[in-house]
Amino acid sequence: MKLWKRAAAAIKDRKSLLAVGFSRRTSHHNLDLEAAIIKATSHDSSSVDYSNAHRVYKWIRSSPHLNLKTLIHTLSSRVSHTRSWIVSLKSLMLLHGVISCKLPSVLGELRRLPFDLSDFSDGHSCLSKTWGFNIFVRAYYAFLRSYASFLSDQFHRRPVNRRSSVNQETERIQKLQSLLDLILQIRPIADNMKRTLILEAMDCIVIESINIYGRICSGVIRMLPSSGKADAAATLKIINKATSQGEDLAVYFEFCKGFGVPNARDTPQFVSIPKAEVETIKNMIENVGEEEVVEEEKGMVVLEKPRLETIITEKWEIFEDDECCFHEKVIKEYQKHTLPLIVSYQEPVYIEYMMPDLITF
């Protein structure tokens, strides 16, 4: 039966390639690229065609605006006409690699994915055998859809003033944290999912999780020196979630390591945000509450004694407690690390990973 399924899958891919070969050649239709996409998203679950994946990336880099249309059309048609989890997953991996190149024209066009796999279900085997693969594909799609939208928004973001910049950075970090929540949902959960293709996909996911968490931590470090009283509550919420996500990421790496994902063999240790800075943020929040009480009491005194003269001024004396005091030495120490790693009592270890072939050119 397995041999028959492989033969049938190979015939389907062959028919698709023949259809491309007989298509009419035009200046706006890259048939070589279309053939490479079909080969890179074949029905073969035992291997990944890296050579054709790289061909796709090279075509996109050479002429993003023109070849991206062929990519979108071919992937959309291929995914919409297949009920195979293999083809769907390979299409997601290929598109993930294209998005990760971060070419301006690509980010501008790919705000939305060219297909919908939110309710995907494999139609070539019974549900008892494919339910785990279905969930995996749906989770990968949910992350990639949000990731493409996020990168597109960042590309189109306009420069703003300092105050708006702080709010914008806060919003950016919150979106990154939501992306990390989505990526941590991508995992094989069925006993029959230890396949070569699943391991390759998890390789890409593991690297992306490190990338996103590193950007979260770097963003938090940038926020700390400029965080004022108005931003203290939001900043503390982000810090608490980042700490929690660091712990979740450590558990995720252990799971991936046990499953056999190559890029999860060495679990990185992420540097935590010093407790002193967290306490500073907490004190700022408490001071704001105390000042509101004092202002309320002052208002009551004025009402009881109207003969008192009220002086209104825009000049305020700034005391040391009113400012966020950060040690310059600590800030410089943070800025040395572009990828802060999970909270640990041991000395931090920084590991440089090579991105999987389907995620880079």
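Among residues of region 249-274 that are modelled with pLDDT under 90, those with a Cβ under 9 angstrom from a residue that is of a type in the set (Lys, Arg), sequence gap 6+ or separate chain, pair up as Ala264/Lys257; Arg265/Lys257; Asp266/Lys257; Thr267/Lys257. Is there a residue in region 85-98 that is free of Cβ contacts under 8 Å to residues at least 40 places away in the same chain, within 24 Å of Ile183 (Cβ to Cβ) and open to solvent by 10 Å² or more (accessible area, probe 1.4 Å)? No: zero hits.
Quick one: count up the residues across region 37-72 that are without any contact (Cβ under 8 Å) to a residue 24 or more places away in the chain and not hydroxyl-bearing (Ser, Thr, Tyr). Going through region 37-72 one residue at a time, the tally reaches 3. Scanning region 234-265 for residues that are among the charged types (D, E, K, R) and farther than 16 Å from Arg195 by Cα yields Lys237, Lys241, Glu247, Asp248, Glu254, Arg265.
If you go through region 59-82 and keep only what is under 23 Å from Cys204 (Cβ atoms) and assigned to a loop (DSSP other than H, G, I, E, B), you end up with just Thr82.
Within region 60-73, is there a residue that is over 23 Å from Ser152 (Cα atoms) and open to solvent by 50 Å² or more (accessible area, probe 1.4 Å)?
Residues of region 60-73 that are over 23 Å from Ser152 (Cα atoms), as a first pass: none.
No, there is no match, as no residue in region 60-73 is over 23 Å from Ser152 (Cα atoms) and open to solvent by 50 Å² or more (accessible area, probe 1.4 Å).
Considering Ser165, Ser218, the condition of being surrounded by fewer than 17 Cβ atoms within 10 Å (Cβ to Cβ), in contact with a Pro (Cβ under 9 Å, 6 or more places away or on another chain) and modelled with pLDDT under 90 is satisfied by Ser165 alone.
Identify, please: which residue in region 3-58 is in a loop (DSSP other than H, G, I, E, B) and at pLDDT below 75 and is, among those, most open to solvent (accessible area, probe 1.4 Å)? Walk me through it before giving the result.
First, the residues of region 3-58 that are in a loop (DSSP other than H, G, I, E, B): 22-25, 27-28, 30, 41-49.
In the following step, the residues that additionally are at pLDDT below 75 were identified as 22-25, 27-28.
Numbers: Phe22: 178, Ser23: 39, Arg24: 196, Arg25: 168, Ser27: 95, His28: 140 Å².
Among those that are in a loop (DSSP other than H, G, I, E, B) and at pLDDT below 75, it is Arg24.
For Phe115, indicate whether it is more than 15 Å from the chain's Cα centre (by Cα) and buried (at least 18 other Cβ atoms within 10 Å of the Cβ). Full working, then the answer.
On the way: more than 15 Å from the chain's Cα centre (by Cα): yes; buried (at least 18 other Cβ atoms within 10 Å of the Cβ): yes.
The answer is yes for Phe115.
Lys129 is checked against (1) open to solvent by less than 40 Å² (accessible area, probe 1.4 Å); (2) in a helix (DSSP H, G or I) and fails just one. What number does that condition carry? For Lys129, the failing item is (1).
The values are calculated or read from the model by the stated rules, or taken from the named source; none is laboratory data. Just so we're clear, the structure is a prediction, and the values are computed from it rather than from any experiment. Every residue, glycine among them, receives a Cβ derived from its backbone with ideal geometry; neighbour counts consider all protein chains shown. Surface accessibility is based on the protein's heavy atoms, side chains included, excluding ligands, DNA and RNA. Shrake-Rupley method; radii C 1.70, N 1.55, O 1.52, S 1.80 Å.
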